[in-house]
Every structure is written in structure tokens, then in C-alpha cells.
Amino acid sequence: MIKYAANALYAKCHALFGKHLTGTDYAQLLACKSVGDVAACLKGKTVYADSLANIHAQTVRRQQLELYLRSHLFYEFAALCRYEVSLGQGFYRYYVLRGEVDQLLTCLRLLNSEHQDDYLLIMPVYFQRYASLDLFKLAKATDAAEVLKATQGSEYYHILQPFLEKNPPLPDMGAIELELLSFLWKKARGMLGRASGKDTRSDGVRYLTVGADMKAIAIAYRMKCYLRSNANQIRAKANFGAGRLSSKQTEDLLDAPTADEFLRRLAATPYGKELAKQEFLYIEDSAARVAYAHALRTFRYSTNAGVTTLAYLDLAENELKNITHIIEGIRYSAPPDEIRKQLIGAA
Amino acid sequence: MAVSQMKLVRTVGFLSKLNQFLATCCIDGFFEPDNAARHISPSLGFAPLTEDNPYSALIHKIDELAEISGITPERRRVRAGLVPDPQSEAWLLDMGERIASIHDERRDLAEQLSLCQNAMEQYNHFVGLDTPLESIFSCQYIKVRFGRLPKESASKLALYADNPYLLFIPCSESETDEYGAYFAPRHYADEADRIFASLFFERLWIPSAVGRPRDVLAHLDQNISILKEQISVLDKRSREIWNSETERLNAMYSQLCYLSELFELRRYAVVHGDSFFYTGWVPADRMRRFTRLIDGMDGVTFEAVDPDPDVEKDAPVRLKNIRLFRPFEYLVGMFGLPSSTDLDVTPFVAITYTLIFGMMFGDVGQGFVLLLAGLFAYFKMRSKMGAIIAYSGGAAMLGGLVYGSFFGYENKLDFIYHAIGLPEKPVHVMESINGLMLMGLAIGIVMVLCSMIINVITSFKNHRAGDALFGPNGFVGMVFYASAVVFAADFLGAPVPVSSSLYGTCALVSVILLFIHPILSKLIAKRKDWKPKNIGEFLMESFFEVFEYVLSYFSNTVSFLRVGAFVLVHGGMMLAVFAMAKDGNIVVIVLGNIFVIALETLFTSIQAMRLEFYEIFSRCYKGEGRAFAPVRLK
């Protein structure tokens with residue numbers, strides 16, 4: 001039974017991926033002149049047609065459209081989780097945790113930039129039903145203490161307490177992000193540890209390390225580039241322990257005197273080959289492209305249903321990001337070529 | 001049994017007589033006009049006739065009126081020679097104005113109806129609002145906005161519960177949105193608009209009205225009924241006007257269409273001063289009638305000539321076959337008609353197609369069913385394929401007599417063989433596999449040779465002696481092919497009428513001639529460029545071409561093995577039917593026969609057609625002719 005469910009999940013993921021946007025679809029989206037046109041295009045012939053069936057394409061707003069697309073992804077993944085037996089309920093829980101961490105970070109970032117009112121507008125109401133956080137309370141929060149109070153009763157309270165209980169006007173986002181991502185990483189490892197099947201456990205951990213490494217590398221580069229931080233300062237903000245870089249490679253990177261040297265040393269790591277294939281625009285972009293390439297490779301060649309599902313989740317998120325880039329680029333009248341440069345895997 | 005000979009008719013006359021000439025010669029349907037400019041030297045000063053059709057505007061007018069009234073005008077037979085008089089035109093214009101005015105009035109009413117329906121749709125959303133609209137719109141210190149809010153955003157409104165300046169009244173909801181109105185004090189209106197805009201509130205502009213929304217809806221409903229009634233009255237009036245003048249309108253319409261078509265034929269003419277020059281094609285066997293029609297006409301003279309060779313190949317084609325073969329013109333037409341200088345292969349197709357079908361299908365009872373079906377299709381449904389099916393059915397019956405098959409029963413016809421002195425049926429299908437395959441091959445050899453003979457005749461007719469003699473489908477090709485067949489037969493141990501040295505020599509000589517046939521063809525045509533420019537290239541090309549010819553002989557011949565194969569298929573299918581019927585279950589046998597008839601008819605006809613079109617036609621027939629398309633004015 002377990003085997004059949006895993007096979008079904010595996011097939012389902014591949015079937016869903018087959019319906020993703022193609023190069024032609026992206027070209028059509030890039031040719032759109034307004035957000036309404038993008039909505040009409042997505043509504044017309046893509047996998048999002050059902051989710052967007054009831055929207056009014058010509059009057060829909062950018063943020064509204066993005067919310068609809070996000071909810072589509074969420075429901076699609078929730079439906080997939082029904083098949084996932086080998087990882088148990090933990091797999092579904094991990095996905096929800098990712099969403100919760102994302103909401104917390106978004107709320108805190110907006111608070112830091114004194115745009116806390118904007119959180120209400122982008123808050124995904126559909127997610128409230130599944131989350132352990134009270135998103136409405138988060139939306140009402142006007143300072144750090146209220147954000148902390150909104151997380152009372154959840155696992156995040158104790159994580160955020162050291163950073164928010166004194167109600168700082170500008171919470172340390174770097175440290176908070178590090179703690180929350182470490183928490184997520186531990187949860188992922190725990191979920192994989194409980195998974196049935198040694199392959200699932202090891203393949204899953206191997207898969208997730210790349211994502212963790214990319215996040216850490218991006219943070220480290222930024223700190224090198226703009227803050228000229230040293231190794232200890234970077235270690236306090238970036239979680240290198242979760243990844244597959246060896247301690248020597250990590251030391252090497254963190255000891256780089258300049259950002260350019262950091263990049264040169266990065267080229268010598270296992271990620272160097274992948275990084276060499278692309279044009280460097282900015283570090284987050286390169287990191288995202290490496291992560292995407294890894295997800296795609298894993299998705300195509302892995303025979304493990306749980307790991308394939310994780311990879312599919314990242315690919316679907318990537319597509320959503322691409323569409324968001326297109327929507328925002330069109331909204332702000334960027335030339336299509338410029339928008340295309342931001343897209344990952346849209347050839 | 002040929003391509004009907006065409007005569008090119010060249011006519012000269014006074015321009016004023018052109019219409020009369022066209023009306024006369026286009027009545028009986030044996031005249032096809034041709035562009036006269038192609039048949040006259042430009043130096044003579046004749047120029048194409050460029051005129052605007054004066055009748056098309058009137059025809060368009062009638063079509064318009066008919067469309068407005070929802071009626072289709074009818075075309076009837078007209079008396080030639082009549083032209084519309086000014087009174088009729090004036091009457092038509094007057095009628096047009098009457099119908100147009102009704103149409104304009106109807107359009108206004110339809111617009112009003114549409115507005116009412118839109119307003120009704122809008123107000124339907126706010127029917128939950130139990131307050132007179134005039135009191136809302138007349139507020140001095142409160143701003144109101146009607147619109148819809150996505151349900152997701154509506155749930156976020158709870159967070160603004162503490163805001164005393166915002167009030168949203170939901171009126172109705174759909175699957176995704178809540179319709180309602182929000183109210184805010186005038187001084188807070190901008191902020192309220194901002195908040196609701198960020199919640200994706202979409203404002204709807206509803207038409208101003210008096211009363212509560214449900215009262216407004218009732219009033220609109222009443223208006224809609226009245227408007228619909230008025231529109232239906234106007235529609236009735238428009239139809240009455242049309243119906244009262246139907247005869248006159250249809251007559252006028254028919255006349256105008258006839259004159260318009262006649263006018264369109266004028267564009268084939270060229271003119272010089274007040275003279276015209278016109279050309280067309282007439283079948284040679286209709287020339288006498290044509291002459292009788294035109295001879296009596298003043299101011300018009302003509303001559304009928306055989307076309308020049310370079311014009312002849314573009315002449316239209318009309319096949320002329322005896323009644324027996326005529327149904328197969330449809331099959332030949334599917335591939336393409338022969339040009340006027342080619343042979344008509346219809347009789348050949350008629351015989352070979354029927355023969356091949358009969359051999360492959362081979363069952364007396366099933367063939368009889370096909371025969372009946374074909375006759376029914378031909379006489380009752382007027383289907384061209386009906387006759388072909390009937391012939392095929394007849395041939396299948398003959399084939400069935402040879403195989404002794406009657407609805408799949410292999411022994412029911414034994415009494416016939418005994419009656420004619422034979423101990424049993426001539427061919428046992430499932431026991432004569434090799435024989436059937438050899439039969440197929442033999443048919444193939446004969447067919448290929450026949451197609452080559454046709455090609456030789458056609459090539460000579462088209463003054464391509466080189467191809468006729470030395471081409472791969474010419475005389476030399478035939479010799480090589482025949483030599484190869486004799487060699488194969490000898491190799492397999494069959495008795496052959498010639499010695500191996502003879503057929504060997506023939507094969508060798510013919511291969512060499514094939515190899516150099518481009519040079520020989522050019523020499524025969526007395527062309528000065530017969531020498532190849534590059535010997536090496538020529539040798540290489542010739543080698544591969546000869547290789548291709550040899551391969552095509554082989555493949556075309558072997559393709560006919562399917563004739564034998566399908567005999568076996570048919571037999572095998574009936575075996576399967578009887579195996580399923582076990583103890584002779586009649587229902588299974590009947591159903592099985594029906595199934596086999598349907599399937600085998602389809603397969604066999606497709607295969608026979610394939611053999612005709614590909615294996616045979618590829619050697620001797622191009623089908624580049626164009627059909628004779630005479631004009632027939634009603």
C-alpha cells in the first residue's frame with residue numbers, strides 16, 4: 001500500500017510538472033502589456049486556469065493576482081500531501097511550517113521598514129485555516145512586542161522571545177532569520193528521521209542541504225560585500241553547519257578578505273561548476289539558480305517519492321516567483337528583456 | 001474512351017453584342033470562357049475590360065433587407081434578355097427605406113432593452129439594501145461607494161472593526177465576492193477609498209434611480225417586458241412588408257443575380273474601340289450546336305480551331321467514356337484528371353481495380369450484399385461511389401466462385417462445380433498460400449508492364465520519344481524489367497521460354513541504356529546540350545538513378561503480394577467467425593459476416609486504390625489536367 005501511494009505521488013508530481021509553464025507561455029506572458037493581460041493569459045490556457053476562473057481579469061490588482069496564485073500552489077501541495085505516506089504527516093506539517101516562517105519573516109520585515117499596515121493586505125487568509133499562528137493578530141501588531149504576543153502558544157514564541165521581548169524598534173532580522181531557518185532545518189531533519197525508508201532519509205537530507213547552503217552563501221556574500229564582516233560575524237548570521245560544504249571549505253569562504261575573493265573561492269567549491277554556467281547578476285540570483293538546477297536534476301532523476309515531492313515544491317515555488325517577477329515588471333513598465341533576465345528556468 | 005477533344009473558339013464582335021453572345025453560348029453548359037488576353041497579341045491594341053458591376057449594389061441591398069427581416073431571398077429561373085427598369089429600382093429603394101426605418105426604430109429599442117437589462121443585473125447585486133436610493137445619493141456629509149469585495153478581503157474587514165469611520169453593508173454574495181456598499185464621512189472618504197482599494201474593492205457604477213433596489217428592479221422588469229413587446233411588433237411589421245412583396249422581390253433578385261453573373265463573364269474579354277475579342281473552350285462534339293446558336297447572331301463572328309501545342313496542354317479536359325467505365329472517372333478524378341495530351345486511364349482503372357478488388361474480397365454471398373448496397377447507393381442516394389461498389393461486389397462474387405466461398409461457408413457452392421464437371425472448387429484459399437502469393441506477384445508483373453506500355457504511348461503522344469524509348473518506364477525499362485522477371489523465374493526453377501544468355505544480354509544492354517538515357521533522350525530531341533557538363537557527376541548521378549529504378553521495379557512488384565495476402569486475410573477472418581460460432585450459432589455468423597463485409601470492404605478498397613495510385617500511376621500517369629468547367633447561366 002505504502003509503495004503504491006509513493007508511486008502515485010511520484011506520478012502525480014511528474015504529471016503536475018508537465019503542466020507547468022513552457023518557454024512559449026513565458027514569452028506570451030512577457031508580451032502582455034498590463035496585469036489584466038497577464039491574468040487573462042494565465043486564466044486562459046495554463047494550469048492556473050481553474051484557480052483564476054472567477055477573477056475579473058481586467059480589474060484584478062497585482063497583489064490580488066499574486067495571492068490567488070499562491071493559494072493555488074498551497075492547495076495543490078496540500079492535495080499532494082494526501083498521497084505522502086512514507087514521510088507521514090510530518091511532510092505536510094513541514095510545508096505548513098515553511099509557510100508560517102515565511103509569514104513571520106514578512107511581518108517582521110514590514111515592521112522593520114515601518115510598513116506594518118501593509119501586512120494586512122498581503123496576508124493570505126486561506127492559510128489561516130492551516131496555520132498554528134493567528135495571522136490576524138500578526139496583522140494587527142504594531143510593534144515587536146505585539147508580534148511576540150501574537151506568537152504566544154506556538155513554537156515560535158520561545159525562538160523569538162530573546163529578540164522581541166524588549167520591544168526593540170528595529171529587531172535584528174539577520175539573527176531572527178538565522179534562528180527561524182535553523183528551526184525549520186531541524187524540523188526537516190526530524191521529519192526525515194522519522195520517515196520510513198533509509199533512502200528517503202539520506203536523499204532527503206542531501207537534497208535539503210543545497211538549499212541551506214545557498215541561503216547561507218547569499219547572506220555571507222552580502223555581509224562581506226556591504227559590511228566587510230569577519231568570519232565570526234558571518235557565522236552569527238548564516239547557518240553553514242546544515243550544508244554540504246566541508247569545514248575547511250566553509251573556513252576558506254568566511255576568511256575571504258573581499259567579496260570578489262569570496263566569489264573566487266566559491267568557484268572552487270562543489271557549487272563552482274554550477275555557478276560557472278551562469279552570468280552573475282547578484283548573489284541571490286546565482287544562489288537561486290543553483291538551487292533551481294539542483295531541484296530540477298533531483299526531480300528528473302530521483303526515484304524517491306518523498307524527495308521528488310520536495311523538489312517539485314521548490315520548482316513550483318520557482319515558477320510562482322517567475323510569474324511574480326513578470327507581473328511586477330509589467331506593472332512597473334520594465335522592458336521584457338529586463339524582466340526575462342530575472343526569470344529562472346524560463347527558457 | 002478518351003479525353004474529349006476540345007476546340008478553342010475565338011469570337012470577335014461589336015461590344016454592344018457581347019452580352020447577347022454570352023447569354024446565348026452560356027445557356028446550355030458546354031462553353032468554358034478563357035482569358036482572351038492569352039490568345040491574342042498585345043500589339044493589336046486589345047485591352048482587358050474593366051468595368052464595375054452595376055448590379056452588385058442592388059443585390060447587396062436586397063440581401064441586407066432580407067437579413068434585417070430574417071428571410072433568405074430565393075433564386076428562380078429568369079427569362080434571358082430582361083434588364084431591371086428604373087421603376088423597379090425606385091420601388092426597391094422605397095421598400096428599402098421602409099424596412100430600414102423599422103430597423104432603426106428596432107435598434108433604438110434594442111439599445112434601451114440592453115440598458116435596462118444591464119441595470120437590472122447591477123441592481124440585482126444590491127437588492128439586500130432596504131433603503132431608498134435617492135436618500136443615499138442625496139447625503140451631504142456621507143460618501144457612499146457601491147461595489148464588490150473579494151471574500152478573502154471581506155474577512156479582513158474585521159480588523160477595521162474599531163475604525164468608527166468605516167461601514168461596509170453587504171447586500172449579496174457570489175461564489176468569490178461580496179457585493180455591498182461602504183459609507184464614510186466626507187472628510188475621511190479619501191482614506192476610506194485607499195483602505196478599500198488596498199482590499200481590492202472594485203467600484204461599480206450603478207445608474208441613478210428612485211426607490212429601494214427591489215422597487216427599481218420591479219420597475220425595470222416592467223420596462224423590459226414592454227420593450228420586448230414593442231420589438232416583436234416591429235419584427236412582425238418588417239416580415240409583413242417582405243411577405244407582401246415576396247414574389248416581386250424574388251423575381252427582381254433572380255434577375256439581378258443572373259445579370260450580375262453575365263456581367264462577370266465579360267471580364268474574360270478584351271476590347272478595342274467598340275469591338276470585343278472573346279475566347280473559350282467547347283467540346284468538339286458540341287461544336288455543331290454551338291455553331292447553330294452563334295451563327296444567326298448579327299455583329300458576331302467566330303472560328304473554332306485546334307489549340308496550339310503550347311496552349312493545348314492547358315486546355316480543360318472532359319473525359320468521355322462508355323457508360324460501363326464512367327463511374328471510375330470519379331476514382332481517376334480523385335488522383336487528378338489527365339491533361340488533354342495524356343491518355344485517359346479510366347478504362348484501365350475500371351478493369352484493374354475491379355479485378356484486384358474481386359480477387360481480394362472473393363465471396364459470393366458477401367459480394368452480393370455489396371452489389372445490392374452499391375446499387376442502392378447509386379440509384380437512391382445518387383452516390384458516385386455506389387456504382388464502383390456495385391462493380392466491386394460483382395467482381396467479388398466472381399472471385400467467390402473461384403474460391404468457393406459463400407458467406408464464409410466453403411462447401412455450399414460445391415453443387416455448382418459438380419454441375420460443370422469439376423470435382424471441387426478450383427482454389428482452396430487456406431491450402432494455396434504459395435499459389436495465392438504467386439498469383440499476386442504475377443498480377444503485379446502484368447500491371448507494371450501495362451503501366452509501362454501506357455507510359456510509352458503517352459510519351460510518344462507528347463513528343464517525348466527519348467522517354468518513350470530509353471526511360472525507366474519506357475521500352476528499355478520494359479526490356480530490363482522483363483529480363484529481370486525471367487531471371488527470377490529461372491532462378492526459382494520455373495520453366496522460361498528464353499535462354500539465360502538471351503535474357504542476360506537483354507538485361508545488361510538495357511541497364512547500360514538506362515544508365516545513359518539522359519544523353520540518348522537529348523540526342524533524339526536534337527538538343528545541342530546533350531553532353532554532360534561534368535562526367536564524374538553524371539556517372540555518379542546515373543549510378544544512383546539506375547539503382548533507384550531497379551529498387552522501384554522490385555518494390556512495385558512485391559507490393560502486389562498484398563493481393564494474395566488479403567485473400568488469406570479474408571479467409572482467416574471468416575475462419576475466426578466460424579470458430580466463434582462453434583456449433584453454427586446463426587447470430588454470430590450473421591454478425592460476423594456483417595463485420596467482415598464492412599471491414600474488408602474498407603480495407604480492400606483502400607488497398608486496391610493504393611495499388612492503382614501508387615504502383616501503377618507513378619509509372620505512367622501524372623494527372624495534371626484541369627476539369628472542363630463550363631458556365632451555365634440559370
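Computed from the coordinates by the stated procedures, all read-outs in this text should not be read as laboratory data. Computed from a predicted structure; not experimentally measured. With ideal geometry, Cβ positions are generated from the backbone for all residues, glycine too; neighbour counts draw on all protein chains shown.
Here the dipole of chain B is about 1980 debye; that uses its Cα centre as origin and unit charges on the Cβ of Lys and Arg (positive) and Asp and Glu (negative).
Look at the alpha carbon pairs under 8 Å that are at least 6 residues apart: their mean separation over the length of the stretch B:127-205 gives a relative contact order of 41 percent.
What separates the Cα centres of the stretch B:531-598 and the stretch B:462-530 is a distance of 27 Å.
Projection of the Cα convex hull of the protein assembly as shown, averaged over all directions and equal to a quarter of that hull's surface, yields 69.1 nm². Pairs with C-alpha atoms separated by more than 20 Å, drawn from the list A:12/A:321; A:140/A:321; B:7/B:313; A:237/A:277; A:187/A:273; A:19/A:215, are A:12/A:321; A:140/A:321; A:237/A:277; A:187/A:273; A:19/A:215. So what does log10 I(q)/I(0) come out to for the stretch A:207-347 at q = 0.19 Å⁻¹, using the Debye formula with one equal point on every Cα and no solvent? For the stretch A:207-347, the Cα-only Debye profile gives -1.13.
Based on alpha-carbon atoms, the Kirkwood radius and the radius of gyration of the stretch A:216-256 give Rg/Rh equal to 0.92.
For the stretch B:300-433, the percent of C-alpha pairs falling in each 5 Å distance bin, counted from 0 to the bin holding the largest distance, reads 2, 10, 14, 15, 13, 11, 10, 8, 6, 4, 3, 2, 1, 1, 0, 0. Using 15 Å as the cut-off for backbone N distance, which residues of the stretch B:1-22 belong to the label zone defined by a point 7 Å from the Cα of residue B:38 along Cα→Cβ? Zone members listed by number: B:6-10.
Each of B:196, A:193, B:90 was scored by the projection of its Cα onto the charge dipole of the protein assembly as shown, and the greatest displacement toward the positive side belongs to A:193; charges sit on the C-beta of Lys, Arg, Asp and Glu. Evaluating kT/(6 pi eta Rh) at 4 °C and 1.567 mPa s, with the Kirkwood radius of chain A over Cα pairs in the Stokes-Einstein relation, gives 60 µm² s⁻¹. Treat each spin label as a single point 7 Å out from the Cα along the C-beta direction, and report the residue B:568 to residue B:194 distance in nm. Simple spin-label model gives 8.9 nm for this pair. For the stretch A:206-216, putting each phi into the Karplus relation 6.51 cos²θ - 1.76 cosθ + 1.60 with θ = phi - 60° gives couplings of 4, 5, 5, 5, 5, x, 4, 4, 4, 5, 5 Hz, in residue order, rounded to whole numbers and with x for Gly and Pro. For the pair the stretch B:262-279 and the stretch B:1-60, the centres of their Cα atoms are 6 angstrom apart. Note on the stretch B:143-161 and the stretch B:101-123: Cα centroid distance 33 Å, given to the nearest whole angstrom. Based on the Cβ-Cβ distance of residue B:87 and residue B:14, what FRET efficiency does E = 1/(1 + (r/R0)^6) give at R0 = 22 Å, to the nearest 0.05? Computed FRET efficiency for residue B:87 and residue B:14 comes out at 0.15.
Annotation: amide H-H contacts under 5 Å for residue B:167 (H modelled 1.01 Å from N, sequence separation of 5 or more, or interchain): B:183. Database remark: amide H of residue A:55 closer than 5 angstrom to no amide H (H placed geometrically; neighbours at sequence offset of 5 or more, or on other chains; Pro and chain starts carry no H). Evaluated at q = 0.07 Å⁻¹, a Debye calculation over the C-alpha positions of chain B (equal weights, vacuum) places log10 I(q)/I(0) at -0.82.
Each residue of the stretch B:587-592 is assigned a 3J(HN,Hα), and the resulting list reads 5, 5, 5, 5, 4, x Hz, derived from the Karplus form 6.51 cos²θ - 1.76 cosθ + 1.60 (θ = phi - 60°), x at Gly and Pro. Using the Cβ-Cβ distance between residue B:602 and residue B:632 with R0 set to 30 Å, the FRET efficiency works out to roughly 0.25.
Treating r as the C-beta distance of residue B:175 and residue B:222 and R0 as 30 Å, the FRET efficiency rounds to 0.50.
Potential lengthening of the chain between residue B:446 and residue B:137 amounts to 101.6 nm, from the contour at 0.36 nm per residue minus the alpha-carbon distance.
Counted over the stretch B:421-572 with a bin width of 10 Å, the fraction of Cα pairs per bin, in whole percents, is 11, 30, 30, 17, 8, 3, 1. The charge dipole of the stretch B:127-205, taken about the Cα centre with unit charges on the Cβ atoms of Lys, Arg (+1) and Asp, Glu (-1), comes to about 220 debye, rounded to the nearest 20. Considering only B:297, A:208, B:370, the residue lying farthest towards the positive end of the dipole of the protein assembly as shown is A:208, judged by Cα position with unit charges set on Cβ. Here each label is just a point 7 Å from Cα along the line to Cβ, and for residue B:461 and residue B:49 those points are 3.5 nm apart.
Amide hydrogen proximity for residue A:229: with H placed 1.01 Å from N in the peptide plane, the residues at 5 or more positions away or on another chain lying under 5 Å are A:224. The simple spin-label model puts a point 7 Å past each Cα toward its Cβ; for residue B:576 and residue B:376 those points are separated by 2.5 nm. Computed per residue of the protein assembly as shown from DSSP H runs no shorter than four, each worth -39500 (n - 2.57), the mean residue ellipticity at 222 nm is -19500 deg cm²/dmol.
Couplings 3J(HN,Hα) for the stretch B:446-459, derived from phi with the Karplus relation 6.51 cos²θ - 1.76 cosθ + 1.60 (θ = phi - 60°), are 5, 4, 4, 5, 4, 5, 5, 4, 4, 5, 4, 4, 4, 4 Hz, where x marks Gly and Pro.
Here the stretch A:1-126 is described by how far its Cα atoms reach on the three principal axes: 48, 39, 24 Å, from widest to narrowest.
Look at the dipole of the stretch B:33-78 built from charges on Cβ: of B:69, B:45, B:58, the Cα furthest out on the positive end belongs to B:45.
Given q = 0.26 Å⁻¹, what are the Debye log10 I(q)/I(0) values for the stretch B:127-205, with equal point scatterers placed on the Cα positions and solvent ignored? For the stretch B:127-205 at q = 0.26 Å⁻¹, log10 I(q)/I(0) is -1.42.
Only the Cβ atoms of Lys and Arg (+1) and of Asp and Glu (-1) were treated as charged; on that basis the dipole of the protein assembly as shown about its Cα centre amounts to roughly 1920 debye.
Applying the criteria of a DSSP loop state and at most 14 other Cβ atoms within 10 Å to the GluC sites (Glu not before Pro) of the stretch B:1-79 yields B:51, B:74.
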